[in-house]
1. Name the long-range amide H neighbours of Leu78: under 5 Å, sequence gap of 5 or more, or other chain; modelled H, no Pro or chain starts.
2. Rank the residues Phe99, Phe73 as a footprinting-exposure proxy: fewest other Cβ atoms within 10 Å of their Cβ go first.
3. To the nearest 0.05, how large is the calculated FRET efficiency for Phe87 and Gln21 if R₀ is 30 Å and r is the Cβ-Cβ distance?
4. When the chain is fully extended, how far beyond the present Cα-Cα distance does Arg14 get from Phe73, taking 0.36 nm per residue of separation?
5. Is the shape of region 2-77 rounded, prolate or oblate, going by the alpha carbon gyration tensor and its root eigenvalues a ≥ b ≥ c, with a/c under 1.5 for rounded and a/b larger than b/c for prolate?
Amino acid sequence: MAEQQRLLAMKMNRQQTLSYQKLIGLIVSPCCWTQPVSLHASSMSDMVKVDVQRRLLAGHTEKQIIAAYKKRFGERILSIPEKSYIFMIPIAASLLALFLVGFVILRWTHREGEELPSLELSAHDSEEAAVDGTATPSNPDDSDSKTEAEPESKSGESQK
């Protein structure tokens, strides 16, 4: 069988050799379905290699050879399925996880019956923001303590 492969390989041109290498890497050995034909050492793998070489020398295209093997053995003959949507599973799982985390955070931060804190400005803060261009949330306790503390410190300094 190995001698037959060598004789057929000598007849193939560069393009056929490249196609052969690609195909034997793509086709799974039908004896045990564990490895591509290119890696598997069995008589069944050798028969597939010879068959692929003969088909290429007969003028068959890669697509025709793949179609023939899929017809005979089914989609499982290919190590990489042609219409594989397996890559979408991690993307879908990531999006679902992101949605769930966002939903949990939203529910956790905004409990039923609680309102979000207001960031409205008081009349005093609005006037200050208009003068110096800064806007800060108002806290009535803070604004009263600042206005009371400032005159005391100024009057204390002027008396000294």
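Every number here is computed from the coordinates shown, using simple stated rules; none is lab data. Just so it is clear, the model here is predicted, and its values are computed rather than measured. Please note: Cβ atoms are built from the backbone with ideal geometry, for glycine as well, and neighbour counts cover all protein chains shown.
1. For Leu78, whose amide H was placed from the backbone, the distant partners under 5 Å are Val28.
2. Final ranking by Cβ density, sparse to dense: Phe99, Phe73.
3. Details: r = 25 Å, r/R0 = 0.82.
Here the calculated transfer efficiency is 0.75.
4. Contour length minus the Cα-Cα distance gives 18.4 nm.
5. Since a/c reaches 1.5 but b/c is at least a/b, the shape of region 2-77 is classed as oblate.
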